[in-house]
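As structure tokens, the structure follows; a few thoughts come after it.
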Amino acid sequence: MYDNILLPFDGSEGAAEVLHHASELAHWADATIQILYVADTTRDSVTVVGGEAIDVLERKGKEIVEEAAKTLDTLGVPYSTDVIQGNPAPTIADYAERYNQDIVVMPTHGREGISRYLIGSVSEKVVRLSSVPVLTVRMQPDETLNFPYENILIPTDGSAAATHAAEHVLSLASSIDATVHVLSVVEEASLGLDVRSTISAEESEQAATDAVETVVSEADTHGVTNTVRHIEHGTPVKEILSCIESNDIDAVGMGTTGKRSTDRILLGSVAEKTVRSAPVPVMTVADSA
């Protein structure tokens, strides 16, 4: 399913755990890992004098990927390395597409406030920009990394983006014989208090049920034998996190619109918030449209 796995690697805290998780995926898929270091030449702190600053960044990058390579040698995973210059997030997304990578695996620190923006924003931007599926691992003490995944959660709102993502995640689930939990959330906050709210509630409930049944039907097509349906009321991210905790979920797979702009549907923002907060790996898949 995956022949080429792109691993953007910067040697930061938690990167080693992501490296090992990517290696487990590579062993299972018989895939090659492409270790990539992007020398960030967009930072204000970078001052170029006769190219010297760039050389320093690239030297640092080569040292970092060499350390990662040593680990993969020990783990017996085939790999190649590359060090390039650029703005990290768009460079990673473009690299994945240009060199036919099948999936991007990278950490996100999941912090709030200014520190979260500075440290976690690269991963979230890659999720936003990448046409290739992205598997993010939130490097926090409560993070759970188990592979192969036994329980995979697919949140869906019935949109084309969600359905497209589900097809990809179901292929993975079928390959590793995982149980698939399908969740759709009825957002009660959007319902009013007048007479029309009763109709809206019924319509929302039916839409959520239809969304779940669409994915379950697709699961049957992919040969997934174990599926669990979840219809919940509340806010999407809160219910996703609750479902993860209550059902021993090992990974989440969900869609984004794949639009290279800030004009993205709700599912896109839910995906980013899930990437930021879920204590398990999250696979995001861009809409092919």
remark   = Taking placed amide H atoms and a strict 5 Å upper bound, the residues 5 or more places from T108 or on another chain that come that close are V137, R138, M139
message = Which lysines, if any, have their Cα less than 24 Å from the Cα of K238, not counting same-chain residues under 8 positions apart?
response = K125, K273
Simple label model, 7 Å out from Cα along Cβ direction - D142 to V228, nm = 1.8 nm
note = Subtracting the Cα-Cα distance of H20 and D73 from 0.36 nm times their residue separation yields 17.9 nm
query = Tell me, what is the FRET efficiency for D94 and M1 to the nearest 0.05, using R0 = 22 angstrom and their Cβ-Cβ distance as r?
reply = 0.45
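FYI, it's all coordinate maths here, none of it is from the lab. Just so it is clear, the structure is predicted and the values come from calculations on it, not from any experiment. Neighbour counts run over all protein chains shown; Cβ positions are idealised from the backbone, glycine included.
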